[in-house]
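Visitor: This structure is in structure tokens; I'll ask about it shortly.
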Amino acid sequence: MRREEPYSKAMRSALAQLEWANEFLGLDESFRARLRRPKRVLPTYPVVKVDDGSERKFSAFLVIHNVTRGVGKGGVRFHPQVDADEIFALALLMTLKSAVVNIAYGGAKSGVACDPKQMSQGELERLTRQFTLSVIDSIGSSQYIPAPDVGTNPQVMAWLYDTYIMHQNDGFPDPAVVTGKPLELGGSLGRVEATGRACAMVAMEVAQTKGMSLSGATVAVQGAGNVGSVTAGMLHEQGCRLVAISDSQGGAYNPQGIDPDDILGHKRETGTVVGFPGTEEISSENLLEVDCDFLVPAAMENQIIEANADRVQAKVIVEGANGPTTPEADAILEERGITVIPDILASAGGAVVSSFECSQGRDLNFWTEDEVNTRLEMKMHQAFQDVWSVAQDQGLSLRKAALVLAVDRVASAMRLRGIYP
């Protein structure tokens, strides 16, 4: 993955976090070098026939970062900004995320540089199938288990799953090879909502731990997709007041409160939260600076940066997206006393329920939604308590504590296997 030009922001941020934890734990260079180098990097260029009859070549990437603690796990991202550095950074974060919540997975990620919002259903299906074929030898329940991510959904996972089993399994089902599938294909109840539910759960955990009342607490959410919408809805049910929410087209703001169900209904009808009656328009960037108790960046990486970190007014930041805060911004937030629940903890719900989906698929024993949510809550509670304990014992921020916990667990697994002295 090394190259002469500078790394992307996402990759620099991920490596900086890794290096800080390595230094804090006093790990030697042989370990550091192993975690800097992914196990497998696969660039590929699927060619797809588009609706006008022409062919288009796409850039796509698959990175399996580390499999010491388990098979590679991570989403498939369809987004214009996808590149090799971003996929590496996200794969590394998946290694850490799996370790923080203590599930038996390593880290991986894949993605295609495309704009799914500008593609027809047929084009998306053809792209998904061609991409799957281009990386098919790296997919499987013993290598890399894909899941939905930005720009993908259960339907995309269904196409991916079908392509895989038709070419690798002679058409016979293998429900543990892809997660985030539709229920009809062996998906899990609660998987779509899992990341947002986990974000809300850890927000409730930190509120209880810090003695904050949720009744009347104000919430601003950047991102009105699965993660942001579910988080907003759950916190609203706990008595919180949603004051701002945004999507890719802009945002809506009302300090008196916004009903999440109503504004999301408006989004389904119009395609955006912008223009919801009783609200004023606000940009996604300005939403980050709204006076609130809980800020949930649940859109893309590198949103809270050095240039705006000193204007963030939230008391608690719950990172629903991967890498929404740069290391420079994080230092400013820590100095200002703002609590940040890091992405490798807050956004781990999807990975947790993906592990449940794999278990259900292997056993052919599917759980009720209440069972899934109860197990998710238990897992997130334990993970939060583990991170909080390290933070209190070592005098660290929650992000630094989560990094220390994750890297130490990976290092311990490598020592036990004899990979690292």
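Visitor: Which percent, nearest 5, of DSSP beta bridges in the chain are antiparallel?
Guide: In the chain, approximately 45 percent of DSSP beta bridges are antiparallel ones.
Visitor: Which length gain, in nm to one decimal place, applies between residue 419 and residue 142 when the Cα-Cα distance is subtracted from 0.36 nm times their residue separation?
Guide: 97.8 nm
Visitor: Toward the positive end of the charge dipole of the chain, about the Cα centre and with charges on Cβ (Lys, Arg +1; Asp, Glu -1), which of 26, 338, 286 goes farthest?
Guide: My answer, from the dipole projection, is 26.
Visitor: Between residue 169 and residue 183, what is 0.36 nm times their sequence separation minus the Cα-Cα distance? Round to one decimal in nm.
Guide: Additional length available on full extension: 3.0 nm.
Visitor: Assuming R0 = 60 Å, what is the FRET efficiency of residue 371 and residue 55, from their Cβ-Cβ distance, to the nearest 0.05?
Guide: Step by step, r from the Cβ atoms, then E = 0.80.
Visitor: Treating only the Cβ atoms of Lys and Arg (+1) and Asp and Glu (-1) as charged, compute the dipole magnitude of region 1-97 about its Cα centre; round to the nearest 20 debye.
Guide: The calculated dipole for region 1-97 is roughly 360 debye.
Visitor: Below 8 Å between Cα atoms, with a sequence gap of 6+, how large is the relative contact order for region 22-168 in percent?
Guide: 26 percent
Visitor: Another question about this same structure. Where does each of 397, 248 land when they are ranked from fewest to most other beta-carbon atoms within 10 angstrom?
Guide: 248, 397
Visitor: Also, I was wondering about something else. Mind jotting down the distance between the C-alpha centroids of region 354-401 and region 36-77, whole Å?
Guide: 27 Å
Visitor: Just the projected area, averaged over all directions, of the convex hull on the alpha carbon atoms of region 151-276: how many nm²?
Guide: 9.2 nm²
Visitor: Further question on the same structure: Students often forget the sequence filter, so: which lysines lie under 29 Å Cα-Cα from residue 57 once same-chain residues fewer than 8 apart are removed?
Guide: Correct list for residue 57: 9, 39, 49, 73, 109, 117, 181.
Visitor: Something else now. Once you have the Cα-Cα distance between residue 45 and residue 286, take 0.36 nm times their residue separation minus that, and quote the gain in nm to one decimal.
Guide: Length gained between residue 45 and residue 286: 83.1 nm.
Visitor: Sticking with this structure for a sec: Would you calculate the volume per residue, in Å³, of the smallest convex hull containing every Cα atom of region 38-185?
Guide: So the per-residue hull volume is 101 Å³.
Visitor: Another question, then. Over all directions, what mean area does the Cα convex hull of region 1-70 project, stated in square nanometres?
Guide: 7.2 nm²
Visitor: Order of 315, 181 from fewest to most other C-beta atoms within 10 Å?
Guide: 315, 181
Visitor: Still on this structure, please answer the following. Work from the charge dipole of the chain (Cβ charges, +1 for Lys and Arg, -1 for Asp and Glu, about the Cα centre) and give the residue of 299, 209, 403 farthest towards its positive end.
Guide: After comparing all options, I get 403.
Visitor: Could you give the dipole magnitude of the chain about its Cα centre, charging the beta-carbon of Lys and Arg +1 and that of Asp and Glu -1, in debye to the nearest 20?
Guide: 1420 debye
Visitor: For region 194-346, state the semi-axes of the equivalent ellipsoid (square roots of 5 times the eigenvalues of the alpha-carbon gyration tensor), sorted largest first and rounded to whole angstrom.
Guide: Value: 22, 17, 14 Å, ordered largest first.
Visitor: Hey, another quick one. Can you list which of the DSSP-assigned H helices in the chain have a Cα extent of 18 Å or more along the long axis and an average Kyte-Doolittle score of at least 0.5?
Guide: 84-100, 398-417
Visitor: In addition: In square nanometres, what is the average projected area of the Cα convex hull of the chain?
Guide: For the chain, the mean projected area of the Cα convex hull comes to 20.3 nm².
All of the numbers you see were taken from the coordinates with simple rules; none came from a lab. Keep in mind the model is a prediction, meaning the values are calculated, not measured. Neighbour counts are summed over all protein chains in view; Cβ atoms, including those assigned to glycine, are modelled from backbone coordinates with ideal geometry.
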